[in-house]
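> Take a look at the following structure, please.
The values are calculated or read from the model by the stated rules, or taken from the named source; none is laboratory data. Remember, it's a predicted structure, so these values are computed and weren't measured experimentally. Every residue, glycine as well, gets a Cβ built from its backbone with ideal geometry; the counts of neighbours run over all protein chains shown.
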Amino acid sequence: MLGLLAALLLAFASVPAAAADATQAFLAQAASVNKFQLAASQLALRKTQSNVVHDFAHQMVLDYSVAGMQLRQAVADAKLRLHDALDPSHKALLDTLTHTPPGKTLSKAYFEAEEKTLRADIAIFRAYAANGDNERIKIYAQEMVPVMQGELERLGKLRK
């Protein structure tokens, strides 16, 4: 994921011809984030009994259901295409969670995965929000940063 962040940051700083590529790279990452967050949170809802995990996962499902709709609207407004698929790092993490035993083991793994992905994804969204070339997609990134930061803060409080 850090490699993708570095590539995105370099792409944002390059010539305008790379701008469309940077936007498509960001959109691929944003779609992967949404897909991962929904799938991981739904998995946590199914495979854990903890009310704390359920409350957090339920909020994540709500947040990323809305985020997915907002992303699709932003992409339509910008007249761009969205490829809705998991990137390799999110897929690997989701595969690990899928094969984690239910209960406390999954609860711990879910919270660890959330912390890892939220930290990396916030950096990517911040980079595009600051330096993206497509104004409509930039607005989407700017709107998502505080949502993701709030999720990371909630998670931090839960893990104490």
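> Restricting to the range 125-139, name every residue that is over 18 Å from Leu155 (Cβ atoms), buried (at least 18 other Cβ atoms within 10 Å of the Cβ) and in contact (Cβ under 8 Å) with a residue 12 or more places away in the chain.
Of all residues in the range 125-139, those over 18 Å from Leu155 (Cβ atoms) come to 127-139.
With the extra rule that they be buried (at least 18 other Cβ atoms within 10 Å of the Cβ), the set shrinks to 127-129, 132, 134, 137-138.
Passing the criteria: Ala127, Tyr128, Ala129, Gly132, Asn134, Ile137.
> Let me ask you something else. For residues that are among the aliphatic types (A, V, I, L, M) and surrounded by 13 or more Cβ atoms within 10 Å (Cβ to Cβ), scanning just the range 81-93, find the one that is farthest from the chain's Cα centre (by Cα). Talk me through it step by step, then tell me what you get.
Looking only at the range 81-93, we keep the residues that are among the aliphatic types (A, V, I, L, M), and these are 82, 85-86, 92-93.
Subsequent filtering for residues that are surrounded by 13 or more Cβ atoms within 10 Å (Cβ to Cβ) retains 82, 86, 93.
On the way: Leu82: 15, Leu86: 10, Leu93: 12 Å.
For the range 81-93, the residue satisfying everything is Leu82.
> Can you tell me which residues in the range 47-66 are within 13 Å of the chain's Cα centre (by Cα), surrounded by 21 or more Cβ atoms within 10 Å (Cβ to Cβ) and touching a residue at least 40 places away in the same chain (Cβ under 8 Å)?
If we filter the range 47-66 for residues that are within 13 Å of the chain's Cα centre (by Cα), which is where we start, we get 60-61, 63-66.
Filter once more, so that each one left must be surrounded by 21 or more Cβ atoms within 10 Å (Cβ to Cβ): 60, 64.
Answer for the range 47-66, where residues must be within 13 Å of the chain's Cα centre (by Cα), surrounded by 21 or more Cβ atoms within 10 Å (Cβ to Cβ) and touching a residue at least 40 places away in the same chain (Cβ under 8 Å): just Met60.
> For the condition under 30 Å from Ala22 (Cα atoms), hydrophobic (A, V, I, L, M, F, W, C), modelled with pLDDT of 95 or more and more than 15 Å from the chain's Cα centre (by Cα), what is the one hit in Ala78, Ala123, Ala109? Even if it seems obvious, please write down each step before you answer.
Values: Ala123 fails: more than 15 Å from the chain's Cα centre (by Cα); Ala109 fails: under 30 Å from Ala22 (Cα atoms).
That would be Ala78, the only listed residue that is under 30 Å from Ala22 (Cα atoms), hydrophobic (A, V, I, L, M, F, W, C), modelled with pLDDT of 95 or more and more than 15 Å from the chain's Cα centre (by Cα).
> Cβ-Cβ below 8 Å, separation at least six or inter-chain, first residue in the range 147-160 and farther than 18 Å from Ser65 by Cβ and touching a residue at least 60 places away in the same chain (Cβ under 8 Å), second surrounded by fewer than 16 Cβ atoms within 10 Å (Cβ to Cβ) and among the β-branched types (Val, Ile, Thr): which pairs?
Leu158/Val52
> Also, quick follow-up: With respect to the numbered conditions (1) in contact with a Phe, Trp or Tyr (Cβ under 8 Å, 6 or more places away or on another chain); (2) touching a residue at least 24 places away in the same chain (Cβ under 8 Å), which one is the sole condition not fulfilled by Glu115?
All conditions are met except number (1).
> Give the range 129-157 a look and list any residue that's small (Gly, Ala, Ser) and assigned to a helix (DSSP H, G or I), or say none.
From the range 129-157, those small (Gly, Ala, Ser) are 129-130, 132, 141, 150, 156; that's our starting set.
Ala129, Ala130, Ala141, Gly150, Gly156, listed by residue number.
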